[in-house]
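Worksheet: one structure, shown below.
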Amino acid sequence: MKYVVIYEKTSTGCICYAPDLPGCVAACDDLRDTKALMERAIEMHLAGMREDGDPIPVPTTAAEYLEVPAAS
């Protein structure tokens with residue numbers, strides 16, 4: 001399954017979360033390391049849900065960039 005992951009720059013690095021997996025987050029000093037942490041976080045999150053007998057959420061979130069004119 002593919003889940004949307006949102007990455008945000010912070011004053012100390014990068015943080016990310018998966019909207020379809022509440023509570024599944026990762027943060028690190030740079031984007032590359034944050035991505036790697038998030039892959040493992042999602043795997044662990046889903047494994048925990050399976051162990052608990054919780055249903056695995058079907059990905060429903062979509063994301064895209066919209067280009068808008070810059071304010072003048």
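Read the figures in this text as sums done on the coordinates, not as results from a lab. Keep in mind that what you see is a predicted model, and the values were worked out from it rather than measured. Virtual Cβ from ideal backbone geometry, glycine too; neighbours counted across all protein chains shown.
Give the number of residues within the range 43-66 that are farther than 17 Å from Glu8 by Cβ and out of contact with any helix residue (DSSP H, G or I) (no Cβ under 9 Å at 6 or more places or on another chain). Show your work before the answer.
At the first step, the residues of the range 43-66 found to be farther than 17 Å from Glu8 by Cβ are 43-60, 62, 66.
Of the ones still in play, those that are also out of contact with any helix residue (DSSP H, G or I) (no Cβ under 9 Å at 6 or more places or on another chain) are 43-53, 58-60, 62, 66.
Residues that pass the stated criteria total 16.
For the range 47-72, name all the residues that are surrounded by 10 or more Cβ atoms within 10 Å (Cβ to Cβ) and assigned to a loop (DSSP other than H, G, I, E, B). So that I can check it myself, show each step before the final result.
First pass over the range 47-72, keeping only residues surrounded by 10 or more Cβ atoms within 10 Å (Cβ to Cβ): 47-50, 54, 56-57, 59, 61.
Residues satisfying the conditions are Asp54, Ile56, Pro57, Pro59, Thr61.
Report every pair of residues separated by at least 6 positions or lying on different chains whose Cβ atoms are under 8 Å apart, first residue within the range 59-72 and over 15 Å from Tyr17 (Cβ atoms) and without any contact (Cβ under 8 Å) to a residue 60 or more places away in the chain, second among the hydrophobic types (A, V, I, L, M, F, W, C) and assigned to a loop (DSSP other than H, G, I, E, B).
Ala62/Val4
Can you tell me which residues in the range 36-50 are under 11 Å from the mean Cα position of the chain (by Cα) and touching a residue at least 24 places away in the same chain (Cβ under 8 Å)?
Matches in the range 36-50: Met38, Ile42.
Could you please find all residues in the range 14-46 being part of a loop (DSSP other than H, G, I, E, B) and surrounded by 14 or more Cβ atoms within 10 Å (Cβ to Cβ)?
Within the range 14-46, Ala18, Pro19, Asp20, Leu21, Cys24 meet the criteria.
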